[in-house]
1. If you place +1 on the Cβ of every Lys and Arg, -1 on the Cβ of every Asp and Glu, and leave all else neutral, what size is the dipole of the chain about its Cα centre, to the nearest 20 Debye?
2. Out of Arg206, Arg87, Arg161, any idea which swings most in a Gaussian network model of the chain, alpha carbons joined below 10 Å?
3. Taking every DSSP beta bridge that has both residues in the chain, what percent is antiparallel when rounded to the nearest 5?
4. Provide the per residue accessible area, probe 1.4 Å, for the chain, rounded to a whole number of square angstrom.
5. State whether segment 94-147 is rounded, prolate or oblate according to the following rule on the C-alpha gyration tensor (a ≥ b ≥ c being the square roots of its eigenvalues): a/c under 1.5 gives rounded; otherwise a/b larger than b/c gives prolate, and the remaining case gives oblate.
6. Roughly to the nearest percent, how much of the accessible area of the chain is carbon and sulfur, given a 1.4 Å probe?
7. Going toward the positive end of the dipole of the chain, with +1 on Lys and Arg Cβ and -1 on Asp and Glu Cβ, which of Gly45, Ser210, Leu89 do you reach last?
8. If Rh is defined by the Kirkwood formula over all Cα pairs and Rg also comes from Cα, what ratio Rg/Rh do you get for the chain?
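The values are calculated or read from the model by the stated rules, or taken from the named source; none is laboratory data. This is a predicted model, so every value here is computed, not measured. Cβ placement follows ideal geometry from the backbone for every residue including glycine, while neighbour counts extend to all protein chains displayed. For the accessible areas, the whole protein counts, side chains as well, though only heavy atoms, and no ligand, DNA or RNA atoms are used. Shrake-Rupley method; radii C 1.70, N 1.55, O 1.52, S 1.80 Å.
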Amino acid sequence: MNGFARALHLVGGEFAAPLRAATVRVAAEQGLCPVLIDLSAWSGGSDVLLGLEHAPGVRWHDLDGADGEFDADGLFDRLPVGPLGERVLAHDRHAASPVSDGVVRAAVHALRLSASLLIIDVVSPVASADIHRAGDGLWVIAGDEVRSTAAGVAAAQWFSRHGFVHGTLLLGDGVGGSEDFDTIDAAVRVGRTDRRDLERGVLCGRRRSSLRAPAERMIADLVGSENAA
């Protein structure tokens, strides 16, 4: 589609789920043909997040054991697809197990050639770094409870030590301003409507959602930098 798609890495597992769903919605509404790539085998499946758990299509376990490169358009066309054209490469909840690093790298590379935007669902900074490419966006998403915030700070420090440019965002039901957290760039409250959408498998980020503005900004920064390049 655009030659070689950039990726938006949202590191934080379940805490990043509302923003991840909102980003998929915004990208799809902008006609960017987003693919949500699930690198968290035990998180319940990103197809569930998008309400596509019953949609036919390829999951990670179908690719396990493959050797060599994937057909880019063939893989893209076989992924589960939603009503806005959003696609997902997820782990099957009934056959969840990590696939090899080589398969992950090959699948991500193929989808960079066939999609317009990749959104990466990942918990480990190391897993994110392994498929990171120049021009990708990278955000650490922390929840607003103590252990999640501490985990977010630890992930952000790892990226800093290894030279990755990234942003940090605090996400929760009752977060205050980002000035309350020295290492957080922004704080966003998740509203009731978004929580209900999340529980129902409906994409977060409706027009009046507080999640919409950060999702739009992340995509604009990524697309804008690509156009500038």
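1. Numbers: 22 positive and 31 negative charges, 121 e Å.
The dipole of the chain has a size of about 580 debye.
2. The residue that fluctuates most here is Arg161.
3. On the way: 1 of 28 bridges.
Here the share of antiparallel DSSP bridges comes out near 5 percent.
4. Working: 10550 Å² over 229 residues.
Value for the chain: 46 Å² per residue.
5. Numbers: a/c = 2.04, a/b = 1.31, b/c = 1.56.
Since a/c reaches 1.5 but b/c is at least a/b, the shape of segment 94-147 is classed as oblate.
6. 50
7. Ser210
8. On the way: Rg = 16.4 Å, Rh = 17.5 Å.
So for the chain, dividing Rg by the Kirkwood Rh gives 0.94.
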